[in-house]
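Read the structure below first, then the notes.
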Amino acid sequence: MSSTTLIGDGRELRICDACGGVDDHPRHVIDGQQPSGIAIPELLVDAIIDSSPQGERSRLLADLYDRTTLQLHRDCCRSLGCPNGDCDELTQGAEELRGSDLLAHLAGLQAKEAQR
């Protein structure tokens, strides 16, 4: 689970459907209808309520109950077995990075790819 230190710079607060973390850290967003019969653990709801700014709670809880996408911290997705392997590949050698450090790592990968 990512730390609670925010990156800032206008990045939107989002939830992690795995750990319930609320922050602006890099996510793996997986599109597509997720099974609607999956129960949302009460612990996730409580975590979102406890860690969300007052004006953001409704939006973030709606994101939790929206089953058309999953939003997962890169480390949470990796530990759950990333469905397409992106999180394993993108965080290789940077498994311990979170927040702005992980964002800088990912930006560096994009820069290397653009140079090719």
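Values quoted throughout were computed directly from the atomic coordinates according to the rules given, and no laboratory measurement underlies them. On a predicted model such as this, the values are computed, not experimentally measured, just so you know. Glycine also receives a Cβ, built like all others from the backbone with ideal geometry; neighbour counts cover every protein chain displayed.
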Exercise for the section: For region 101-115, indicate whether the set of residues that are of a type in the set (S, T, N, Q) and either in contact (Cβ under 8 Å) with a residue 60 or more places away in the chain or surrounded by 15 or more Cβ atoms within 10 Å (Cβ to Cβ) (or both) is non-empty. Expected result: no
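Quick check on my filter: what residues within region 80-89 are out of contact with any His (no Cβ under 8 Å at 6 or more places or on another chain) and surrounded by 11 or more Cβ atoms within 10 Å (Cβ to Cβ)?
Of all residues in region 80-89, those out of contact with any His (no Cβ under 8 Å at 6 or more places or on another chain) come to 80-81, 83-85, 88-89.
The answer is Leu80, Pro83, Asp88, Glu89.
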Problem - Sole exception among (1) touching a Ser or Thr at 6+ places or on another chain (Cβ under 8 Å); (2) farther than 21 Å from Val22 by Cβ; (3) not basic (Lys, Arg) for Ala107, by number - result: (1)
Fill in the blank from the handout: Okay, helices (runs of 4 or more DSSP H) sitting entirely in region 19-81 with 1 or more residues that are without any contact (Cβ under 8 Å) to a residue 40 or more places away in the chain and under 14 Å from the mean Cα position of the chain (by Cα), I get 42-51, 74-80
